[in-house]
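Engineer: Before I ask anything, let me first share the structure, which is written out below as structure tokens.
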Amino acid sequence: MTKGTFSAFGKKYSKIEEFIELISNHPSFGEFIARKFYAEYVELSEPSKEDLAYIVTAFRESGFEIKALLKATLSLKKFWDEKNKLTLVKSPIDLVFGTIRTLGTAGNSGSNFQWAIDAAEDFGQSLFNPPNIAGWPVGKEWLVGQSLESRLTKFPKYFENLEFDSLKDKSTKRMREGRDKRIARAIELSQIYQQDLRKFFASGTEEQFLAETMVINWIPDDFATREYADINVSFYNVSFLGKKWDGISVRFGTDKNAKKKHSWKNLNNLSFNQGSSHPAVLKNYNDGWVSDWNGHRGWSSSFPKGPRERFRKKSKDEQLLMKRLLQSMHIPLENLSSFNALFRNVAAQNWLRDRINEVGLDDINTKNGKQPPIKIFSLLSNPHGSKIKKPKFNCSIIRTGQSLAGIFGRDSKKLTDHFDNENFVSTETTPNLSQLLLPALNLQLDNQEALRLLGHEGYQLK
């Protein structure tokens, strides 16, 4: 944060730690989040003083652990009250992805789940992009205007072309077995990937920058002429100097085309946004800036050459990390077919090569002898013609040992391959699809008719 004194809730602070303390000590802090959870999981009405006090106390005594807050919320008697069934409204994400999970199918689109993201956005919820700082709508707010009608008419159409066979027909057994073998093979390959990944990290040294994969998020098409041009890059699962990062995001840029006075230019530079890496790559951002666009703190410095005043203020480890991040960019340059954004931008390629030449790419001395300064285990894609053969990055639900219908193309449109009566909890009546989709009404429809429940008003509730 920029230096200075700020105020919040009528009190002053100069450090981020003081600001966090102000928030956590505010009397409404626990109540605000507790009310959110109550409205999400119990009912839309105001909680009683006793219930609210119970949730807030559990939340505070746990040190504000979300797990404890959820446990306390689900422990309330009202959560289990029969009268509270179908009193809450499903958010678009609940509706769309909950149905995909329930039916075990990607719907009409086969293995393509992009429609689900688009549908949720169409119904009012763009994932990770809430409308304002207050967050998402709650309860009946999801159904204002034409929202309910849109759900009832549009949503069932995403599943109307599913192929039905008799769910009890044993002739589908062979298809299931074939699908299961493919899933088992995919999981086996994922396990081999994980074993090789562990060997990869074990074979490296602390001085080497080791990452599971890297991705170029964005390069402007007009990189050569843009006033402020940068290459936005992310690294996943990183190890360096004994530290671990889930991810690191960095931007390498230039303002050589900027119209500002030369003395204020960074020329070639490197920058970080706080919160874009976990854990943080810099110990502090005190000599950085606060974005007018999103309010986030950031830090930048001329790099690898130039005045580098901010760069010199950082620790030796932080400086070396910045150098390794830039050196890592030789991987995309040597595997352009795996990085389309860079492949299409010759100006960005040439600029990157010049920057890497400035820092060098010589082998370093390690306990294992001379070694390259950086190693990347896998790439998002590995097309024919890549100079360095690397595994394809394993980033999917298969990595967790799970499977979702839709992974194997054609099978995802066959409800019988993924919806199995044998997996139902036993009840006094023969379970069917309508019981699964809308159990409170117990309509006992046949499975083809049951899909119409996706457009039932009751299915919008939970």
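Engineer: Six or more apart or on different chains, Cβ atoms under 9 Å: show the pairs whose first residue is in the range 199-224 and within 21 Å of L336 (Cα to Cα) and whose second is surrounded by 19 or more Cβ atoms within 10 Å (Cβ to Cβ) and acidic (D, E).
Structural biologist: W218/D230; I219/D230; P220/D230; F223/D230
Engineer: Please tell me if K36 is touching a residue at least 24 places away in the same chain (Cβ under 8 Å), out of contact with any Cys (no Cβ under 8 Å at 6 or more places or on another chain) and not β-branched (V, I, T).
Structural biologist: Yes; evaluated as a whole, the condition is true for this residue.
Engineer: Are there any pairs, at least 6 apart or on different chains, whose C-beta atoms fall under 6 Å, with the first in the range 49-63 and without any contact (Cβ under 8 Å) to a residue 12 or more places away in the chain and the second small (G, A, S), and if so, which?
Structural biologist: Final answer for the pair search is S62/A68.
Engineer: Give the residue that is nearest to N84 (Cα to Cα), with candidates limited to residues of the range 17-38 that are hydrophobic (A, V, I, L, M, F, W, C) and exposed (fewer than 15 other Cβ atoms within 10 Å of the Cβ).
Structural biologist: F32
Engineer: For L70, which of the numbered conditions (1) within 25 Å of W136 (Cβ to Cβ); (2) touching a strand residue (DSSP E or B) at 6+ places or on another chain (Cβ under 6 Å) fails to hold?
Structural biologist: Status for L70: all satisfied but (2).
Engineer: Is the range 83-91 home to any residue that is touching an Asp or Glu at 6+ places or on another chain (Cβ under 6 Å) and at pLDDT below 90?
Structural biologist: yes
Engineer: Another question about this same structure. Keeping to the range 128-145, report how many residues are of a type in the set (A, V, I, L, M), without any contact (Cβ under 8 Å) to a residue 60 or more places away in the chain and within 28 Å of H456 (Cα to Cα).
Structural biologist: Of the residues in that region, 1 qualify.
Engineer: Specify the residue that is farthest from the chain's Cα centre (by Cα); the eligible residues are those in the range 95-111 that are surrounded by fewer than 17 Cβ atoms within 10 Å (Cβ to Cβ) and over 12 Å from Y158 (Cα atoms).
Structural biologist: T102
Engineer: Moving on. It is to be established whether one or more residues within the range 37-51 are in the same structural domain as E149 (by TED's automatic domain parsing), modelled with pLDDT of 85 or more and among the polar types (S, T, N, Q).
Structural biologist: There is no residue in the range 37-51 that is in the same structural domain as E149 (by TED's automatic domain parsing), modelled with pLDDT of 85 or more and among the polar types (S, T, N, Q).
Engineer: Next question. Consider only pairs whose beta carbons are under 6 Å apart and that are at least six residues apart or on different chains; among these, list those whose first residue lies in the range 337-358 and is in contact (Cβ under 8 Å) with a residue 60 or more places away in the chain and whose second residue is among the aromatic types (F, W, Y).
Structural biologist: N345/F223; A347/F223; A348/F223
Engineer: Tell me yes or no: at least one residue of the range 39-56 is of a type in the set (A, V, I, L, M, F, W, C), closer than 30 Å to P156 by Cβ, surrounded by fewer than 16 Cβ atoms within 10 Å (Cβ to Cβ) and touching a Leu at 6+ places or on another chain (Cβ under 9 Å).
Structural biologist: yes
Engineer: Turning to a different aspect of this structure: Going through D222, D255 one at a time, which residue ends up being over 20 Å from I376 (Cβ atoms), modelled with pLDDT of 85 or more and surrounded by 19 or more Cβ atoms within 10 Å (Cβ to Cβ)?
Structural biologist: Result of the check over D222, D255: D255.
Engineer: Looking at the structure I just gave you, is T73 of a type outside the set (A, V, I, L, M, F, W, C), outside any helix (DSSP H, G or I) and within 27 Å of L436 (Cα to Cα)?
Structural biologist: Taking the combined requirement at face value, the residue does not satisfy it.
Engineer: Can E227 be described as assigned by TED's automatic domain parsing to the domain that holds L361, at pLDDT 95 or above, farther than 18 Å from K314 by Cβ and not aromatic (F, W, Y)?
Structural biologist: In short, no.
Engineer: If you check P137 against the conditions, is it in the same structural domain as L451 (by TED's automatic domain parsing), modelled with pLDDT under 90, surrounded by 18 or more Cβ atoms within 10 Å (Cβ to Cβ) and more than 27 Å from Q435 (Cβ to Cβ)?
Structural biologist: In short, yes.
The values are calculated or read from the model by the stated rules, or taken from the named source; none is laboratory data. Being a predicted model, the structure only gives us computed values, none of them experimental. As a convention, Cβ positions derive from the backbone with ideal geometry for all residues, glycine included, and neighbour counts pool all protein chains shown.
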